[in-house]
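Notes follow once the structure below has been shown.
The values are calculated or read from the model by the stated rules, or taken from the named source; none is laboratory data. Note that the structure is a prediction, hence the values are computed from the model and not measured. Note that each Cβ is placed from the backbone with ideal geometry, even for glycine, and that neighbours are counted across all protein chains shown.
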Amino acid sequence: MTTSAEASAVIDRLALGAEFGSAAEASAQDAAAPFMPAMMPKFDDPVAEQLHRKQRLAIAFRVLGDLGYDEGVAGHFTVRDTLEPDTFWVNPLGQDFSMVRVRDLIRVDHTGRVVEGRAPVNAAAFAIHSQIHAARPDIIAAVHTHSLHGKSFSILGQKLLPLTQDACAFYEDHGLFDDYTGVVLDLEEGKRIGEALGSGKAVILRNHGLLTVGQTVESAMWWFTAMDRSCHAQLLAMAAGKVVEISPENARATSEQVGNEFGGWFSGQPLFARTLRRHPDCLD
């Protein structure tokens with residue numbers, strides 16, 4: 001039976017973020033205190049970590065497919081390689097999110113050349129993600145799709161307001177790329193998007209959609225779903241009447257509680273577990 005003290009410890013851990021731990025440490029912790037969440041994994045073997053990242057990326061594409069975030073050939077999700085960090089894994093051009101498997105992923109270098117895999121790369125994916133990964137060494141994963149509510153909100157050309165607890169995760173932690181010149185195929189455009197992202201976890205691309213990043217595949221995925229839903233909530237609220245914002249002080253405090261990296265990774269765990277059970281073939 002979980003005590004109130006144990007419950008409080010978990011709340012503090014979620015609010016402040018947790019350190020990365022080994023898989024063995026996480027298993028021992030789970031056995032000792034099942035109520036406590038697992039720790040973010042840490043790998044000593046870069047090859048094992050590479051496989052882990054690819055597997056999580058394949059699951060993430062099934063998440064995108066289940067949520068209806070596909071839009072023809074648009075959209076891409078990347079994860080930095082562990083052996084050659086200036087390269088990244090990404091979905092092949094033209095493959096539906098709901099069909100992506102580990103063996104379908106391709107690896108692209110900083111010039112746009114496919115160094116692993118036989119499928120072509122999405123030119124827009126390279127133009128955007130290569131520049132973001134180059135500008136932000138701390139970023140492991142980045143996701144962009146043409147989700148309905150994200151692209152609808154992007155038409156407003158403004159940032160998210162702190163209207164809900166969930167939206168506070170992005171308070172003072174996302175940018176706005178206030179421009180649109182067509183499909184992003186120019187590296188300079190990718191650099192400008194990277195500049196608009198800054199040090200944040202997300203950027204709204206005006207008249208285009210959303211892009212989120214994270215130190216894990218799970219956090220990048222969770223921030224995307226959370227931001228898309230927050231966009232939806234704000235659009236509904238603005239259509240209904242005058243909105244009431246959370247105060248800056250409370251929005252900032254809430255952001256520290258729900259917007260940290262561990263919180264993003266942990267929030268994504270149930271979604272990934274459910275998706276893997278539905279689509280075990282994604283690990284092929």
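Points to keep in mind about this one:
- Residues satisfying the stated conditions in segment 175-186, i.e. in a loop (DSSP other than H, G, I, E, B) and either in contact with a Ser or Thr (Cβ under 6 Å, 6 or more places away or on another chain) or not hydrophobic (A, V, I, L, M, F, W, C) (or both): Asp178, Asp179, Tyr180, Thr181, Gly182, Asp186
- Looking across segment 192-207 at every residue that is touching a residue at least 40 places away in the same chain (Cβ under 8 Å) and in a helix (DSSP H, G or I), the one that is surrounded by the most Cβ atoms within 10 Å (Cβ to Cβ) is identified as Leu197.
- All positions within segment 134-149 that are out of contact with any Gly (no Cβ under 7 Å at 6 or more places or on another chain) and surrounded by 23 or more Cβ atoms within 10 Å (Cβ to Cβ): Ala142, Val143
- Residue among Glu172, Glu218, Glu189 that alone is surrounded by fewer than 21 Cβ atoms within 10 Å (Cβ to Cβ), of a type in the set (Asp, Glu) and in a helix (DSSP H, G or I): Glu189
- Sole exception among (1) surrounded by fewer than 23 Cβ atoms within 10 Å (Cβ to Cβ); (2) hydroxyl-bearing (Ser, Thr, Tyr); (3) under 17 Å from the mean Cα position of the chain (by Cα) for Ser152, by number: (3)
- Every pair of residues 6+ apart whose Cβ atoms lie under 8 Å, when the first sits in segment 66-93 and is at positive phi and of a type in the set (Asp, Glu) while the second is buried (at least 18 other Cβ atoms within 10 Å of the Cβ) and at pLDDT below 95: none
- Only one of the numbered conditions (1) at pLDDT below 95; (2) out of contact with any helix residue (DSSP H, G or I) (no Cβ under 7 Å at 6 or more places or on another chain); (3) of a type in the set (A, V, I, L, M, F, W, C) is not met by Ala220, and that is (1).
- The listed residue being closer than 18 Å to Tyr171 by Cβ, loosely packed, with under 14 Cβ neighbours inside 10 Å and in contact (Cβ under 8 Å) with a residue 24 or more places away in the chain, out of Glu249, Glu245: Glu245
- Single unsatisfied condition, Val115 versus (1) in contact (Cβ under 8 Å) with a residue 60 or more places away in the chain; (2) surrounded by fewer than 15 Cβ atoms within 10 Å (Cβ to Cβ); (3) assigned to a strand (DSSP E or B): (1)
- Criterion (surrounded by fewer than 22 Cβ atoms within 10 Å (Cβ to Cβ) and either assigned to a loop (DSSP other than H, G, I, E, B) or touching a Gly at 6+ places or on another chain (Cβ under 9 Å) (or both)) met by exactly one of Gln131, Gln95: Gln95
- Yes/no for Thr78 being in contact with a helix residue (DSSP H, G or I) (Cβ under 6 Å, 6 or more places away or on another chain), part of a loop (DSSP other than H, G, I, E, B) and over 13 Å from Ser147 (Cα atoms): no
- Failed condition for Trp89, given (1) in contact with a strand residue (DSSP E or B) (Cβ under 8 Å, 6 or more places away or on another chain); (2) part of a loop (DSSP other than H, G, I, E, B): (2)
- Val90 being at pLDDT 90 or above, farther than 20 Å from Pro137 by Cβ, buried (at least 16 other Cβ atoms within 10 Å of the Cβ) and among the aliphatic types (A, V, I, L, M): no
- Within segment 50-89, the set of residues being acidic (Asp, Glu) and within 19 Å of Gln215 (Cβ to Cβ) comprises Asp81, Glu84, Asp86.
- The selection criterion, being farther than 20 Å from Ala251 by Cα and touching a residue at least 24 places away in the same chain (Cβ under 8 Å), does not hold for Lys159.
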